[in-house]
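What follows is a set of notes on a single structure, which appears directly below.
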Amino acid sequence: MKVKENLELIQNEINEHLKKSPYAQKVNLVAVTKYVSNERALEALDAGVQHFGENRIEGYLEKKNLLKHVTMHFIGTLQTRKVKDVINEVDYLHSLDRLSLANEIEKRANHRVKCFVQVNVSGEASKSGLKVEEVDAFIETIKDYNHIEVVGLMTMAPEQATDEEIYSYFNALKALQLKIEALKYENVPCHELSMGMSNDYKIAVECGATYIRVGTKLVG
Ligand SMILES: *Cc1c(COP(=O)(O)O)cnc(C)c1O
C-alpha cells in the first residue's frame with residue numbers, strides 16, 4: 001500500500017472516532033519510521049505527514065537530517081549518558097520517565113524541551129514509565145526546571161490487552177492529565193496526551209489523545 005492510501009484511511013478513522021470523544025481535541029499523527037527505509041519516510045513526507053517519530057538516536061538523527069522542516073519526536077527510552085548526543089535536536093521527547101533523565105536534560109539542553117511524562121498505567125513489568133502514584137511527586141520536583149516543559153503525558157498499552165482494558169488505561173491517563181493541567185504550573189501546561197499506536201489509536205482518539213504514534217499501519 002502507498003503511504004498516501006494508508007494516510008487517508010487513518011485520517012478517516014480518526015475523524016470517525018473523534019465523534020465518540022467527549023473532548024474537542026485536535027489529533028496530530030506522528031509517523032513512526034523506525035522500521036522503514038529513508039525512501040518510505042520521504043514518501044510519507046510527500047503524502048503530507050508533518051510529524052515523525054523515532055526510538056533510537058541514530059535513526060532519529062538520520063531522519064531529522066533527511067526530512068528537514070518536519071517536527072521530530074523522540075519516542076524511545078533515552079539513556080541518561082546519551083542525552084547530550086541528541087537532546088538539542090529534539091522537538092518533542094515522549095519518554096521522560098525518571099528523575100535522573102530530567103536532571104541530565106536540565107544540565108545539557110540549550111532550550112526548553114517539550115516533554116511528555118511517560119506513565120506506566122497498566123503496571124506491566126516490562127514497560128518503562130512512572131507508576132501512576134509517582135507522577136504527582138515527579139511533577140512537583142521538576143516543575144521549575146528551566147529546560148523542561150511538560151506538554152503532556154504519554155503511555156503505551158500492553159500488547160495483549162483487551163479493548164476494555166485499553167479504554168480503562170487511556171481513560172486513566174486522560175484523568176491524570178486533567179488533574180495535572182489544573183495545577184496551572186508555568187512549565188507544566190500538560191494539555192497534550194500521547195497515546196495510541198497502530199493497534200489501538202482508534203480507542204486513544206475516543207479517550208482524548210492529541211498525538212497518536214503510528215508505524216506499521218501507516219508506513220509498514
Ligand atoms: C514502535 C512504536 C510505535 C509504533 O508502533 P506501531 O505498532 O508500529 O504503530 C509507537 N510508539 C512507540 C513508543 C514505539 O516504540
| request: Please work out if ILE75 is farther than 28 Å from ILE203 by Cβ, within 17 Å of the chain's Cα centre (by Cα) and open to solvent by less than 50 Å² (accessible area, probe 1.4 Å). | output: no
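Table: residues versus (1) open to solvent by 30 Å² or more (accessible area, probe 1.4 Å); (2) under 14 Å from the mean Cα position of the chain (by Cα); (3) not β-branched (Val, Ile, Thr).
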| position | (1), (2), (3) |
| --- | --- |
| PRO22 | yes, no, yes |
| LEU29 | no, yes, yes |
| GLU39 | yes, no, yes |
| GLU43 | yes, no, yes |
| GLY48 | yes, no, yes |
| GLY53 | no, yes, yes |
| GLY59 | no, no, yes |
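Residue check: is VAL219 among the aliphatic types (A, V, I, L, M), surrounded by 15 or more Cβ atoms within 10 Å (Cβ to Cβ) and either away from the ligand (no atom under 13 Å from the Cβ) or over 30 Å from LYS4 (Cβ atoms) (or both)? Reasoning before the result, please.
Details: among the aliphatic types (A, V, I, L, M): yes; surrounded by 15 or more Cβ atoms within 10 Å (Cβ to Cβ): yes; either away from the ligand (no atom under 13 Å from the Cβ) or over 30 Å from LYS4 (Cβ atoms) (or both): no.
No, not satisfied.
For LYS114, are the conditions met, namely being open to solvent by 50 Å² or more (accessible area, probe 1.4 Å) and out of contact with any helix residue (DSSP H, G or I) (no Cβ under 7 Å at 6 or more places or on another chain)? If you could, list the steps in order and put the result at the bottom.
Details: open to solvent by 50 Å² or more (accessible area, probe 1.4 Å): yes; out of contact with any helix residue (DSSP H, G or I) (no Cβ under 7 Å at 6 or more places or on another chain): yes.
For LYS114, the condition - open to solvent by 50 Å² or more (accessible area, probe 1.4 Å) and out of contact with any helix residue (DSSP H, G or I) (no Cβ under 7 Å at 6 or more places or on another chain) - is met.
Identify the residue in region 197-211 that is touching a Leu at 6+ places or on another chain (Cβ under 9 Å) and free of Cβ contacts under 8 Å to residues at least 60 places away in the same chain and, among all such residues, is farthest from the ligand (Cβ to nearest atom). Quick ask: steps written out before the conclusion?
Within region 197-211, the first condition is being touching a Leu at 6+ places or on another chain (Cβ under 9 Å), and the residues that meet it are 198, 201, 204-211.
Narrowing the set further to residues that are free of Cβ contacts under 8 Å to residues at least 60 places away in the same chain leaves 198, 204.
Working: SER198: 3, ALA204: 11 Å.
Step by step, filter region 197-211, then rank; the result is ALA204.
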| Just one of the numbered conditions (1) away from the ligand (no atom under 13 Å from the Cβ); (2) open to solvent by 50 Å² or more (accessible area, probe 1.4 Å) is not true of LEU176; which one? | (2)
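Tally time: how many residues in region 78-101 are open to solvent by 10 Å² or more (accessible area, probe 1.4 Å) and of a type outside the set (Asp, Glu)? Even if it seems obvious, please write down each step before you answer.
Kept after step one, since they are open to solvent by 10 Å² or more (accessible area, probe 1.4 Å), are these residues of region 78-101: 79-82, 84-85, 88-89, 91-92, 97-100.
From the residues that got through so far, the ones that are of a type outside the set (Asp, Glu) too are 79-82, 84, 88, 92, 98-100.
Residues meeting the conditions: 10.
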| said: Among the residues of region 145-158, are any touching a Pro at 6+ places or on another chain (Cβ under 9 Å), open to solvent by 40 Å² or more (accessible area, probe 1.4 Å) and not β-branched (Val, Ile, Thr)? | reply: yes
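Within region 187-196, how many residues turn out to be within 11 Å of the ligand (Cβ to nearest atom) and more than 13 Å from the chain's Cα centre (by Cα)?
Within region 187-196, residues that are within 11 Å of the ligand (Cβ to nearest atom) and more than 13 Å from the chain's Cα centre (by Cα) number 0.
The values are calculated or read from the model by the stated rules, or taken from the named source; none is laboratory data. The structure displayed is predicted, hence computed values, not measured ones. When we count neighbours, we look across all protein chains shown, and the Cβ atoms used for this are built from the backbone with ideal geometry, even at glycine. These accessible areas exclude ligands, DNA and RNA; they are computed on the full protein's heavy atoms, side chains included. Shrake-Rupley method; radii C 1.70, N 1.55, O 1.52, S 1.80 Å.
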